[in-house]
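Have a look at the structure below before the remarks.
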Amino acid sequence: MSKNSIFLDAESFEKSFSLKIEPKLKSKEKIFLDKLIKKISINSHIAFFSLGELYGIYKSKDILEIKKNILRLSKKKMFFTLINLEKETIQGEFYLLNSIYLKNDGVYVTPPLELIYSLDKKSIFHRIDLSTFIRFKEKHTFNFYPKIIENYDSKKFEYNITQLKEILGVEDDYYERFYDFEKNIIKPIINDINKSSKIHIHYEKIKNGQGKTNKITCLKFSFIDSEKDEILKNTNITIHSIKNKIHDIPKISKLIESSLDEGEPQIILKLIDKIKLNFAPPIDVFLEAALKSHYRLKDETVKIIDISENFTSCFKIEGRLYKELSIFNFSYNYYFLKELQHLRMNGIFNYNIFPWKIKVRFNSKEKSSIKIYMNLKEEV
């Protein structure tokens with residue numbers, strides 16, 4: 001992905017935007033698109049739907065009709081308007097499906113680039129949360145939800161009734177009674193957002209006085225991001241459990257929060273627990289190295305250093321090894337120094353004493369390698 005791409009450069013845009021889908025999505029089309037987004041990734045753009053999956057989505061075994069429905073979906077578009085920091089208005093549109101390959105055993109689908117890039121946290125389409133917009137049922141939600149994104153940092157905003165009607169695209173002389181406006185417009189929007197997104201929102205009615213009959217003139221909205229709220233909760237619980245083992249609490253807290261936001265919480269919390277149990281304090285440097293690795297739940301080791309470079313002499317690769325190990329306050333012992341002799345003689349060094357596993361290969365004519373792992377469980 002190009003760094004200059006409009007799809008990536010979220011920081012170059014204001015938080016103000018608008019979206020709409022035409023023609024309107026049907027419920028089964030929303031289910032199909034939701035499953036499509038869950039099947040793809042930044043590195044894997046093609047999704048396969050088996051016949052069984054398609055039967056389940058469309059509640060039918062008429063494969064010809066199902067394929068017609070998918071082809072109809074491919075003709076529907078999302079329209080967007082963005083404003084960059086130079087106050088330029090950028091308008092665009094894209095089909096909700098990019099390509100379709102119909103086979104006897106199912107369907108292969110490629111989504112548009114905008115949906116693919118919405119999975120990247122650097123993308124403007126991730127910020128505006130395309131996958132959430134697809135789930136909405138109420139047409140007025142499309143106009144209201146951008147205000148949540150615009151006010152995401154403060155988690156609150158307010159508008160008078162006239163402003164609110166203008167934002168939602170409701171004529172000012174419609175629903176003159178607030179009761180009707182609330183019942184037919186506001187409550188359906190709030191229910192739609194709370195059911196279809198990670199946001200939980202509620203509102204407070206503000207009157208132009210204290211009397212029971214005084215007119216409601218304004219609505220105050222406040223919301224929480226349930227996913228973010230859970231991340232902060234897990235971060236605080238984790239930090240509390242390791243606060244006596246870490247030196248820089250603010251730095252590690254921010255690192256854990258970021259890791260939980262980007263990865264699977266179960267995996268991250270398991271990794272932290274293993275570091276806490278098996279490493280002597282302070283464990284800051286071990287946590288930082290481990291959380292930046294590609295750790296899987298089944299792993300018992302974490303690769304923290306992976307170097308592949310040209311070294312002109314054995315002494316230079318030894319110097320680099322010492323430099324990397326110094327970050328972890330590594331304690332050298334007789335066995336380590338004895339094994340290092342093998343590197344000088346035949347270009348190979350293997351060291352495996354808990355919690356370390358170190359592998360070095362030296363070749364003056366090709367690239368040499370240094371790999372350092374942390375064992376997360378001591379072998380019995």
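The values are calculated or read from the model by the stated rules, or taken from the named source; none is laboratory data. Note that the structure is a prediction, hence the values are computed from the model and not measured. Note that each Cβ is placed from the backbone with ideal geometry, even for glycine, and that neighbours are counted across all protein chains shown. Quick note on the areas: whole protein, heavy atoms, side chains included, nothing else; ligands and nucleic acids left out. Shrake-Rupley method; radii C 1.70, N 1.55, O 1.52, S 1.80 Å.
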Name the single residue that is surrounded by the fewest Cβ atoms within 10 Å (Cβ to Cβ) among those in the stretch 36-76 being among the aliphatic types (A, V, I, L, M) and assigned to a loop (DSSP other than H, G, I, E, B). ILE42
Look through the stretch 213-234, keep the residues that are in a helix (DSSP H, G or I) and either open to solvent by 50 Å² or more (accessible area, probe 1.4 Å) or out of contact with any helix residue (DSSP H, G or I) (no Cβ under 7 Å at 6 or more places or on another chain) (or both), and return whichever of them is farthest from LYS254 (Cα to Cα). SER226
Could you tell me whether ASP299 is in contact (Cβ under 8 Å) with a residue 12 or more places away in the chain, within 37 Å of the chain's Cα centre (by Cα) and in a strand (DSSP E or B)? no
Flag for ILE239 being assigned to a helix (DSSP H, G or I) and either of a type in the set (Ser, Thr, Tyr) or closer than 30 Å to GLU366 by Cα (or both): no
For GLU339, which of the numbered conditions (1) among the acidic types (Asp, Glu); (2) within 34 Å of the chain's Cα centre (by Cα); (3) more than 17 Å from ASN278 (Cα to Cα) fails to hold? (2)
In the stretch 77-110, which residues are free of Cβ contacts under 8 Å to residues at least 12 places away in the same chain, not charged (D, E, K, R) and not in a strand (DSSP E or B)? ASN104
Of the conditions (1) closer than 28 Å to ILE231 by Cβ; (2) open to solvent by 20 Å² or more (accessible area, probe 1.4 Å); (3) touching a helix residue (DSSP H, G or I) at 6+ places or on another chain (Cβ under 6 Å); (4) of a type in the set (Val, Ile, Thr), VAL302 fails just one. Which one is it? (2)
If you go through the stretch 302-336, how many residues are under 30 Å from GLY263 (Cβ atoms), of a type outside the set (Val, Ile, Thr) and part of a loop (DSSP other than H, G, I, E, B)? 3
Looking only at residues in the stretch 77-130 that are under 12 Å from LEU19 (Cβ atoms) and of a type in the set (Ser, Thr, Tyr), which one is most open to solvent (accessible area, probe 1.4 Å)? THR81
The correct count of residues that are among the polar types (S, T, N, Q) and either open to solvent by 80 Å² or more (accessible area, probe 1.4 Å) or in contact with a Cys (Cβ under 9 Å, 6 or more places away or on another chain) (or both) in the stretch 351-367 is 2
Where GLU158 falls short, out of the listed (1) at pLDDT 95 or above; (2) assigned to a helix (DSSP H, G or I): (2)
Residue match in the stretch 259-271 (condition: open to solvent by 80 Å² or more (accessible area, probe 1.4 Å), assigned to a loop (DSSP other than H, G, I, E, B) and farther than 20 Å from TRP356 by Cβ): yes
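Here is a yes/no grid of residues against (1) over 31 Å from the mean Cα position of the chain (by Cα); (2) open to solvent by 100 Å² or more (accessible area, probe 1.4 Å); (3) at negative phi:
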position: PHE178; (1), (2), (3): yes, no, yes
position: LYS183; (1), (2), (3): yes, yes, yes
position: ILE186; (1), (2), (3): no, no, yes
position: ILE189; (1), (2), (3): no, no, yes
position: ILE193; (1), (2), (3): no, no, yes
position: LYS198; (1), (2), (3): no, no, yes
position: TYR203; (1), (2), (3): no, no, yes
position: GLY211; (1), (2), (3): yes, no, yes
